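The next block holds one structure in the form of structure tokens; read it before the comments.
Derivation of every value follows stated rules applied to the coordinates shown; laboratory data play no part. Predicted model, so just to flag it, every value in this text is computed and none were measured. Cβ placement follows ideal geometry from the backbone for every residue including glycine, while neighbour counts extend to all protein chains displayed.
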Amino acid sequence: MVYLEHSDVLKFDEEKHPDAQLLKGNVCFRHDDAMMYCDSAYYYEKNNSLDAFGHVRLNQGDTLQGFSERMYYDGNTKTARMRKNVRLLHNNTLLTTDSLNYNRQADLAYYFGGGQINDSTNTLTSLWGQYTPPTKQAMFKTDVRLCSEQFTLDSDTLLYNTETHIAKIVSPAVILYEEETTIYTSNGWHNTEQNQLMMYDRSLIWNHDGTTLTGDSMFYDKAQGKALLWHNIEVVDSTNQITLNGHYSEFYENDEWGFATDSALVTLWSDSLNAYIHADTIYAEQMKSRWMTLTQKDSVLIDSVMTAQKPDTAWTDTSFNRLRCFRHVRLYREDLQAVGDSIVYTEKDSMLRCYGQPIIWSDNQQIAADSILVFLANEEVEHAEGLGNAFACQQQTFEFFNQLSGKEIIAYMDSGELKQIYVKGNAETVYYPKEDDGTFTGVNKTQSSFVRIFLENEEIKRMLFTTATTGTMYPLKDMPPKQANLSAFFWANEERPMNKEDVFRQVEHAERKATVASATSEQDDEEKAAKEEKEKDKRKKSSKGGLKSK
């Protein structure tokens, strides 16, 4: 029952308000634990209801207060309909609107003509909203906007807890961080106090530097600049034209690095050629370095290393991108394919470094070594260096291969065509010369300290050897079977990636042998002779008793 506690004036008007008590001045009502105050009111005792006017205030216990210019209260349903300049204050949460209904029985307040909720962290506005004081849970619908000092969130429907400051996203939402980062998601939660988001159902993060992150599920810590991505992830760096894919990834935007694993794939894209690299784990990172530069001093250009302590010494801060791919690496590009245990690509010098028994292919050529360096210029392969146990071969027919082996092999390219090969240290060759009509005349096998080969249209035109070269020319019909290939020969075409999808294929690695030459190199001979001469001089001095003390 609603009770009248106080009124300065009480009167009746049976003609205009036959069922009402007309109250004026310091009016106060009580209903259960709720107190209601106003300047004037119509009190309908039989209906257990009232109409309150002027400086209306409703107190619910010690934690909730409502203010308005008018209020219609029904004691049977325990519903207050507050109108005009409505404010509902609950602890540190303030709800403002022009029309608010508050059900004391359900302890639920809702507005329907536009409203706003403020707490200690955020401001939320919408066309429709409701707030439940016991749970501190709010729901917003239609033109929802959540604003904080660092970001804004726009959505059609949003759930929000004013105590935890966590927003639950249940419809498509756009989150804008100070025009630096934009987030698109439709399912997840946002800890607005910690600036952390958990997103589901294929979300996207866009950064002002042109980087986008996409995944079926993502965790993003804006304060730490950290993102974790799960399943069908895609990280795109449009500035540097790099795409990183996989099923798990971590990205650290403050330190500008990230990695992908589980079906990891990196794509280096350009207008002419795309390169696709698969590995167990792929790291993409931006490296920073400082370079000493030349400075202008007294109109004379001086090496800044000599003037490092002078105020006019110049340092230049630079940055470059680096890719590191580890374990079971497979690379495909139309003009180049490679496999190995690891590959490192640096944008600064446009160099591809291949380690762990790497093999590279181009057209019908194959190069293998302990490590291989591939130098790129204008997106084309300029030259490649095989270092340690280097072996190269060129397929002529199904069974005939031109072959090279040595300590080091350097292959030079021009417009994607192999032009020159240089073999250093214990160089061995197997070469199948041809007649003008293309028929093979035999097989030529040589040993030397180095050899240089010149090619045109992928055919050997000229070969240069040292004077100490030894070799044998066999007619095809008289060629011993053991002389057809070098001891280091292997052809690993089964391992070769044939297209961008083929980089995910798992293959058995071909057996490889060390490139041990049958004859010592010219350099080895010189070193041996110098050593013998030194030992000879030593014996002479020893016989005279003339060894000098150290």
What percent of all Cα-Cα pairs in segment 1-140 falls in each 5 Å bin, counting up from 0? 2, 10, 21, 22, 18, 12, 8, 4, 2, 0, 0
Can you pull the three principal axis extents for the Cα set of segment 20-79, in Å, largest first? 31, 23, 14
Using only Cα atoms, find the angle between the long axis of helix 522-544 and the longest principal axis of the chain, and express it within 0 to 90 degrees, rounded to the nearest 10. 70 degrees
Could you give me the radius of gyration and the Dmax of segment 101-217, taking only the C-alpha atoms into account and expressing both in angstrom? 14.6, 53
Beta carbons within 10 angstrom, averaged per residue: use that to sort the peptides 357-368, 433-444, 162-173, 54-65, highest first. 357-368, 162-173, 54-65, 433-444
Which value, in debye to the nearest 20, gives the size of the charge dipole of the chain about its Cα centre, when Lys and Arg are +1 and Asp and Glu are -1 at the Cβ? 2020 debye
Return a whole-number percent for the relative contact order of segment 379-498, with Cα pairs under 8 Å and 6 or more residues apart as the contact set. 20 percent
Calculate the translational D of segment 141-278 in whole µm² s⁻¹ from Stokes-Einstein, where the hydrodynamic radius comes from the Kirkwood formula applied to all Cα pairs, the temperature is 25 °C and the viscosity 0.890 mPa s. 159 µm²/s
Given a cut-off of under 8 Å on Cα pairs at least six residues apart, what relative contact order in percent is computed for the chain? 5 percent
How big is D for segment 122-184, in µm² s⁻¹ as a whole number, if Stokes-Einstein is applied with the Kirkwood radius of its Cα pairs at 4 °C and 1.567 mPa s? 110 µm²/s
Please list the radius of gyration and Dmax for segment 351-531, considering alpha-carbon atoms only, with Å as the unit. 16.5, 55
Amide H to amide H, which residues 5 or more places from residue 136 or on other chains are under 5 Å from it, using H placed in the peptide plane? none
At 222 nm, what value in deg cm²/dmol follows for the chain if DSSP H runs of at least 4 each add -39500 (n - 2.57) and the sum is divided by all its residues, to the nearest 500? -1500 deg cm²/dmol
How many Å³ per residue does the convex hull of the Cα positions in the chain occupy? 305 Å³
